């Protein structure tokens, strides 16, 4: 066992990225607490000591639900710098990523909180990435749909402060819901689109578990392990092909979350007030312009008395001829 442990550690920490570029070399300390092997810099030592406690608290539940026994060892790297994170094992990750797992190496790499965004929850991210490793171990390294992979990871992460119904409601309103099959390309998505993909994944997995529970999940995982088609696996697990299940889920969120966006009614109210004020301003401005034009039109159309010609100053007969009215009685 110790020989295997050492070989995994040496392999996992070769400083080579997937693109073949040399990764920045930094000396890291190693903490071994089976099945966890944690690599970190001294500045993150307090975090490294706490990680086994966080993982051990969740591991039994995840193993039970996935019907597996974690083999280990699992390597956890706390990336000490942005450059290290961007080039260790994998290159070209989107900037919005906070961690990544390499299931074939039973390794996950996380950003150190010392330089990561403060709003990120290190503990939840740790559980999230560990689920990726365990899931792929459960299905023997066979490919899994990205929505299932991310959805299960989020399910065990338990994002309590995440208002995914609002995101789904807005997507329904704007007709921008992402088809589940397209979520496989999430790493190429814009941050806002990627966030929606994760929220959809969480929603569809929780919906699946609410209907078919762990028995359905086991059928799903067993089918993936055997490399069966997703359509056939869902017929076994749910009685319907995957395409029908996706439509069923879409109808569920349509019925449940269509008007959830009204939870932000105060924001929309202020936006409506601003638009109304802008429209009123433009209407008043155009009305004033028309009034000024109406005032100026008669002055331009009617010539002044000083500009009139002699022929134009006298009255005309019915024939149009000019005549002079004689008012002298002696004439």
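So the values come out like this:
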item	result
Selection count where residues are free of Cβ contacts under 8 Å to residues at least 24 places away in the same chain and over 12 Å from residue 258 (Cα atoms), scope the stretch 164-183	3
Of residues in the stretch 163-186 being closer than 27 Å to residue 59 by Cα and surrounded by fewer than 16 Cβ atoms within 10 Å (Cβ to Cβ), the one modelled with the highest pLDDT	184
Enumeration of residues in the stretch 221-238 that are within 17 Å of residue 135 (Cβ to Cβ) and assigned to a helix (DSSP H, G or I)	221, 222, 223, 224, 225, 230, 233, 237
Matching residues in the stretch 96-128 - criterion: being surrounded by 23 or more Cβ atoms within 10 Å (Cβ to Cβ) and assigned to a helix (DSSP H, G or I)	128
In the stretch 66-85, residue farthest from the chain's Cα centre (by Cα) [restricted to those that are surrounded by fewer than 18 Cβ atoms within 10 Å (Cβ to Cβ) and assigned to a helix (DSSP H, G or I)]	83
Selection status of residue 211, assigned to a helix (DSSP H, G or I) and touching a helix residue (DSSP H, G or I) at 6+ places or on another chain (Cβ under 7 Å)	no
Conditions (1) in contact (Cβ under 8 Å) with a residue 24 or more places away in the chain; (2) at negative phi: number failed by residue 72	(2)
For residue 52: the one exception among (1) in contact with a helix residue (DSSP H, G or I) (Cβ under 6 Å, 6 or more places away or on another chain); (2) outside any loop (DSSP other than H, G, I, E, B); (3) surrounded by fewer than 19 Cβ atoms within 10 Å (Cβ to Cβ)	(1)
Single residue of the stretch 232-257 satisfying the filter (over 23 Å from the mean Cα position of the chain (by Cα) and touching a residue at least 24 places away in the same chain (Cβ under 8 Å)) that is surrounded by the most Cβ atoms within 10 Å (Cβ to Cβ)	237
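The values are calculated or read from the model by the stated rules, or taken from the named source; none is laboratory data. Keep in mind it's a predicted model, so treat the numbers as computed, not measured. Because the Cβ atoms are built from the backbone with ideal geometry, glycine has one as well, and the counts that use them run over all protein chains shown.
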